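In what follows, a single structure is set out as structure tokens and then discussed.
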Amino acid sequence: MPDVVIDGVAFELAKNAMSKAYVPYSKFKVGVAIETVNGQYYSGCNVENAAYPEGTCAEAGAIAAMILDGESQIKNIYVMGSGSKLVTPCGGCRQKIREFASQDTLIHVCSDSEVRQSFSLEALLPHSFGPENLAE
Ligand code: THU
């Protein structure tokens with residue numbers, strides 16, 4: 001993994017998004033910020049509801065905001081959560097990120113004070129299925 005330069009703007013966006021999470025059931029707040037290849041930023045938080053499986057992850061919110069604004073290529077994505085364990089994207093979110101990622105995309109796993117570890121998508125979702133599979 002190359003040296004990772006941390007983007008303070010994205011970090012603060014993720015932190016602010018995390019503070020807005022609606023998590024009355026799990027009490028587990030997650031905030032995400034995306035920086036696109038064009039230098040645009042989008043953020044999202046998890047939003048739960050009483051029908052538990054219908055809640056949405058923070059990644060989904062940030063990706064939806066990105067697409068709504070006409071952007072679609074993720075350069076960096078910051079995933080922020082609390083606790084002693086790394087808050088890596090869930091399996092479903094790895095696939096959602098995959099749709100808009102490239103070989104260079106980095107996934108930065110953060111606490112609210114630092115980037116704890118950075119991963120390539122390949123490391124988190126090896127041998128993945130993607131749009132190319134449907135293009136043949
Ligand atoms: N969560 C996310 O928002 N992103 C992830 O990648 C992991 C899990 C949320 C979903 C739920 O609201 C809470 O964390 C506990 O699972």
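Since every read-out is calculated from the coordinates, none of them should be taken as a lab result. All values reported here derive from a predicted model rather than from experimental measurement. Don't worry about glycine lacking a Cβ; one is built from the backbone with ideal geometry, like all the others, and counts go over all protein chains shown.
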#### Entry: DSSP-loop chymotrypsin sites (Phe, Trp or Tyr not before Pro) across segment 19-49, with at most 15 other Cβ within 10 angstrom
Tyr25, Phe28
### Net charge dipole size for the chain [Lys, Arg +1 and Asp, Glu -1 on Cβ; Debye, nearest 20]
520
## Note on the structure
extent check for segment 31-136: Cα max minus min per principal axis, descending, whole Å, gives 41, 32, 27
### Summary
Filtering trypsin sites (Lys or Arg not before Pro) in segment 61-136 by DSSP loop and by at most 15 other Cβ atoms within 10 Å leaves Lys85
### Query
How many angstrom lie between the C-alpha centres of segment 1-65 and segment 97-136?
15
#### Entry: Rounded to the nearest 20 debye, dipole of segment 23-98 from Cβ charges on Lys, Arg, Asp, Glu
300
### Task
With unit charges on the beta carbon (Lys/Arg positive, Asp/Glu negative), name the residue among Val9, Met66, Ser19 whose Cα is farthest towards the positive pole of the charge dipole of the chain.
Ser19
### Message
Cross-link candidates for Lys75: which lysines have Cα within less than 25 Å, leaving aside residues fewer than 8 places away along the same chain?
### Response
Lys15, Lys20, Lys29, Lys85, Lys96
### Summary
Along segment 35-50, Karplus-curve 3J(HN,Hα) (6.51, -1.76, 1.60; θ = phi - 60°) to the nearest Hz, with x for Gly and Pro, reads 10, 8, 5, 8, x, 9, 10, 9, 9, x, 10, 6, 10, 9, 8, 5
### Message
Given the -39500 (n - 2.57) contribution per DSSP H run of 4+ residues, what per-residue ellipticity at 222 nm results for the chain, rounded to the nearest 500 deg cm²/dmol?
### Response
-8000 deg cm²/dmol
